[in-house]
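See structure below.
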Amino acid sequence: MLRWHQECNIRIPDFVDGRIVISCGVNDTVIEGGKQHVNTDESAANIREILHEAQKRYKVIMVVPPPVGEQEQDKRIQGVSTAFARECGALGIPYIDLFSVLSLDDTYKSEVSSNDGAHPKSTGYLKMAEITSSSPSWWFHSP
């Protein structure tokens, strides 16, 4: 859980307008040894702590995790995404919902399944970028 802090300290000097985008949670939903790697409540508690600490120093936005195209895991990802959105709302942190849009996108799901089962190819990443950049919560918009 301290990794985000270490990564930001290395990359964001104190004299800049520090902004961070946090996106995580898919690996928490993987089944290992017959149970979810990190249960949804624990994932939510972890992200709550990270977001609470991060917003003390940076402008923060959360991009909730995308689907992977496997029905059972996507149900767990949806649960984590919903929990993360709830935590963002409680802390007043904007979030961008990739899950809802991409779970309905057959091209995205096809790219994930034909790749490694977790990551899309270039078109899928382009879709993620388009969703993010068109969100009213995103900081940077073209004039």
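The values are calculated or read from the model by the stated rules, or taken from the named source; none is laboratory data. Please read all numbers here as calculations on a predicted model, not as lab measurements. Neighbour counts are summed over all protein chains in view; Cβ atoms, including those assigned to glycine, are modelled from backbone coordinates with ideal geometry.
Can you pull out the residues in the stretch 26-79 that are more than 23 Å from residue 138 (Cα to Cα) and either in contact with a Leu (Cβ under 8 Å, 6 or more places away or on another chain) or of a type in the set (D, E, K, R) (or both)?
28, 32, 35, 41, 42, 70, 72, 74, 75, 76, listed by residue number.
Based on what the data block shows, is residue 38 part of a loop (DSSP other than H, G, I, E, B) and surrounded by fewer than 20 Cβ atoms within 10 Å (Cβ to Cβ)?
yes
Just to be sure before I move on: is residue 83 closer than 27 Å to residue 50 by Cα, of a type outside the set (Lys, Arg) and without any contact (Cβ under 8 Å) to a residue 24 or more places away in the chain in the structure I sent?
Taking the combined requirement at face value, the residue does not satisfy it.
Could you check, for the stretch 53-69, whether at least one of its residues is within 23 Å of residue 107 (Cα to Cα), within 13 Å of the chain's Cα centre (by Cα), of a type in the set (Val, Ile, Thr) and in a loop (DSSP other than H, G, I, E, B)?
Yes: one or more hits.
For the stretch 54-64, how many residues meet the condition of being at pLDDT below 95 and either surrounded by 23 or more Cβ atoms within 10 Å (Cβ to Cβ) or in contact with a His (Cβ under 7 Å, 6 or more places away or on another chain) (or both)?
Residues meeting the conditions: 1.
Just to confirm my filter: which helices (runs of 4 or more DSSP H) fall fully inside the stretch 72-136 and include at least 3 residues that are among the small types (Gly, Ala, Ser) and at negative phi?
Answer list for the stretch 72-136: 106-114, 122-134.
Do you know which residues across the stretch 112-143 are closer than 23 Å to residue 61 by Cα and either in contact (Cβ under 8 Å) with a residue 60 or more places away in the chain or basic (Lys, Arg) (or both)?
118, 127, 128, 132, 137, 138, 139
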